[in-house]
Every structure is written in C-alpha cells, then in structure tokens.
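Encoded as structure tokens, the structure appears first; notes follow it.
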Amino acid sequence: MLGGGTFTSQNKKLPGAYINFASAQKASSTIGERGIAAMALELDWGKDGEIISVTGEEFAKNSISLFGYDYADDKLKGLRDLFKNITKAYLYRLNSGEKASNDIATAKCSGIRGNDLKIVIQKNLDDETKYDVSTYLGTKEVDKQTVAAASELVANDFVTFKGAELAVTAGTALQGGTNGEVSGDAHQNFLDKLESYKCNAIGCLSEDKAVSGLYVEYAKRLRDKLGVKLQVVVYNNAADYEGVVNVKNTAEESTTAVVYWVTGVIAGCEINKSNTNKTYDGEFNVIADYTQAQLEASIDAGEFVLHKVGDEIRVLVDINSLVTTTAEKGEDFKSNQTIRVLDQIATDVSSVFNTKYLGKIANNESGRTSLWSDVATLFREYQQIQAIENFEDTDITVAIGNDKKSVTINSAVQIINAMEKLYMTVVVE
C-alpha cells in the first residue's frame, strides 16, 4: 500500500504520489564493495563453533557438504533468501550435538542429518579381492572408493572411517546423530569470533529480545567505539539506533524468517541505491496486511516493514530503528541510504589512511596535501555515482592535529537519497 491524495504541506510519511489541483492565478545529480552478510544458525549438519565463509556460487554448488541438504531443499529456504542479494556470507552453527555412527564410519558433523547417511559395501566387479565402499546421504551417492582393505579408506566430506573389517552389506545406516541445544553463550561466541571479519550486515534470527539485545550492543560498540561500520538486522527490537534495522513482519513459516531476506538486502544494497519499494522476491509467505495508519505508525516507530502493493510485497521505506533525533543525528540518519553513504566514507577514508599513510608518510604539508588529494578523489567518485552532490574540493580540509603525530580531516557532504515522495500541483486553466 502506497500513500496518495492531496497535500497541504510536504510532510507525508508514506511513499507515494501526492497531487493537488488548483485554479490558475491570473498574473504574473575507489569505493569499497558491499554485499557481505553474517548470520548464526541452528542447523542439522555443519561445522561446530566455527565461522565458515560461503560465496553464492559455493552455496549453490556445495550446499550438501556444507549444510547437509541439496540447494533446492526446503531446509535451505532461508539461506536462499539471504543469498539473493549478497555475494558472500559468514555463517556460524549455533548448536552442537552428537555425531551419528555405525561400526564402519562416523559422521564428520553432529546433527540429525547424519542419521540419513549409510555405507554400502559391494564386491568390485573387476577385481574380487577389492571392495566398492559407497557413502550415501539419503538416496544420493556422495562418495565411492575401491579398496582392498579398510585401512585404505580415506575420509570424505561426510564420514571418517573406523578401519573395521570390510564385509558386503546392502546398506548400514549411521545412527545416534542429534542436533543438540543452543548454549546460552552461543550467540556471544559467534559475535566474538566475527569481530575479526568484515561484513556489511549481521542478521539475528532469535525472537528473544535478550539475544537480539546482544547484537544491538555489538553494533553500538563496533560502530561507536571501534569505528567498524555495519548494521545488524533484528526482529521486533526497537533499538532506536541507526546501526540497527528492526524488522516488523513475520512469515507463516517462522516468526523471524523475514530477517534472512532483509539482512541480504541491507548488506547488498549499494550506497547510491535504496531498498525503498524493493519487491520481495523470497520464498516465505510474508504476512504483510497493514492499513495506511499502521504503516505510518511503523515509520514513526522505526520499523522496517514489507507491505502489499497489488499482488506484490514491497519494502515500504528503507529505514533503520532510529527514532530519537538530536543535533548530531537528525532526521536524515533514519535513512539507511544515508547511513550506507556515511559508513562507506568512514570505511574508505580509514582504509586509505591505514594502508598508505599510517606510519609511512610524514605529517608535514606535503604529506597532508597528499592525504587531502586521496580523500577528495574518493568524494569525487561518490559524486560520480550519485551518492553525494554539490561537492567542491574546498569542502575538505586536512590539518595537523593536537600533536605532531595526529592529523584531522574536516569535510562537508550532501547525501543523495532516492525519490520517495512526489508532491505535484496541477494547474487548471
């Protein structure tokens, strides 16, 4: 649902076209790449307690070995939603249980998916002194080795072998695999490990506010104290902070399912783009029936909400959870596009300084002029891709700081946001 109708002043909250009709009065438009997300998950298969880096291509090709299921399986619906808008994800398995096993092999990962493994041993047709040892996951053969003795078997992506004497079997299933419970400190362990990785957005799939609160505080600490610019995506947590995106919608399948897709679009959106009015192209049945009054209330509450537009579901406004504005953080800071630009500037300038100047270039007039030139080049690139406008070289100054080792940069920037509201007056002659 979009806004519309007439306007008295330009103060509408909903995106849309607002058109007035009136009688005529008779007179006189090198930047770092985005698209990296992170998320902690409960899984039936996967490495325990370890962050794994997965590209979109690797997810499509290796989902069985990574997560235990074929790419098209319903179990991976959430990850497919996540990867629709990103290039890479850092993923972490929260739960750890027992590994399935039998007399021949032990599953490489804990989890109930290991119970779908089985080992088939047959005589080799060409050499009766040898055996064909096959590993099956469900009905799919995932490994086959021809050996004379068990000692020759090597571990594959799914099992390690025990060295038991080989004997023909139509199929011996592995048993005893369990998912285990998520420990109380699992999410904190994930965030601690993630601190050394660079990502654009982190999704929290827990509906427990105590857990999502960990992610909120993580974002605040990294952004405000460490200068690491990222956003976290949570469900139903009114954090009142520009680094937190608060998802309102649920889905028929799961309360927090929409977080997958939103994390992807927040991480993957370029700094000169907006997610406002973006069509939901995911696989969950999103609940998005809201009245205009409810949508306006969501904007006031800093909620990221999907709504119905005809037969489609779209993003209402690309906003974060910031509600309380100050002299330092005005209305513009509620816009995720604004935050993306500001975060990109901070990240790019830091990267230039840390790689080229820190401990290498003298803090004299020549060195500061070089730093000014590099920063100005960045700003010209931002302007060229229409992330900022009206930039002049004089908008940036570089000066010596309070001591001989310090340098200060002052800059002014006008950030461009995508159009969201149309105010039109049609004059009737």
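So here's what we get for this one:
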{"read-out": "Under 9 Å, Cβ to Cβ, from GLY180 - net charge with Lys/Arg +1 and Asp/Glu -1", "value": "-3"}
{"read-out": "Virtual spin-label span in nm between LYS209 and GLU57, 7 Å along Cα→Cβ", "value": "4.5 nm"}
{"read-out": "Within the range 274-355, trypsin sites (Lys or Arg not before Pro) in DSSP loop having at most 15 other beta-carbon neighbours inside 10 Å", "value": "LYS329"}
{"read-out": "Cβ-derived FRET efficiency at R0 30 Å, THR87 paired with ASN364, nearest 0.05", "value": "0.15"}
{"read-out": "Order of PHE190, PHE379 under a 10 Å beta carbon neighbour criterion, fewest first", "value": "PHE379, PHE190"}
{"read-out": "Under 14 Å from LYS140, Cα to Cα: aspartates and glutamates that are on another chain or at least 8 residues apart", "value": "ASP70, ASP73, ASP116, ASP157"}
{"read-out": "VAL247 long-range amide H proximity, modeled H, under 5 Å", "value": "VAL234, TYR235, ASN236, ASN237, PHE304"}
{"read-out": "Projected label distance in nm at THR279 and ASP311, using a 7 Å step from Cα toward the beta-carbon", "value": "1.0 nm"}
{"read-out": "Residue order, fewest to most surrounding Cβ atoms within 10 angstrom, among SER335, SER351", "value": "SER351, SER335"}
{"read-out": "Distance violations [Cα-Cα > 22 Å] among LYS47/LYS77; LYS88/LYS248; LYS198/LYS404; LYS334/LYS356", "value": "LYS88/LYS248; LYS198/LYS404; LYS334/LYS356"}
{"read-out": "Cβ-based net charge around LYS61, under 13 Å, with every Lys or Arg adding one and every Asp or Glu removing one", "value": "-4"}
{"read-out": "Fewest-first sequence of TRP372, TRP261 by Cβ atoms within 10 Å of each Cβ", "value": "TRP372, TRP261"}
{"read-out": "Structure-derived semi-axes √(5λ) of the Cα gyration tensor in Å: which label, when the choices are [x] 46, 22, 20; [y] 50, 30, 18; [z] 46, 26, 18", "value": "[y]"}
{"read-out": "LYS140/ASP103 FRET efficiency (R0 30 Å; Cβ-Cβ; nearest 0.05)", "value": "0.85"}
{"read-out": "R0 of 35 Å, Cβ-Cβ distance GLN294-ALA72: FRET efficiency to nearest 0.05", "value": "0.50"}
{"read-out": "For the range 159-197 versus the range 205-254, the gap between their alpha-carbon centres in whole angstrom", "value": "29 Å"}
{"read-out": "Relative contact order (%) - criterion: Cα under 8 Å, at least six apart; region: the range 99-173", "value": "35 percent"}
{"read-out": "Segment GLU252-THR377, extension gain: residue separation times 0.36 nm, minus the distance between their alpha carbons", "value": "40.2 nm"}
{"read-out": "Considering only the chain, percent of DSSP beta bridges that pair antiparallel, nearest 5", "value": "60 percent"}
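Every number in this text was worked out from the coordinates using simple rules, so none of it is lab data. All values derive from a computational prediction rather than experimental measurement. Please note: Cβ atoms are built from the backbone with ideal geometry, for glycine as well, and neighbour counts cover all protein chains shown.
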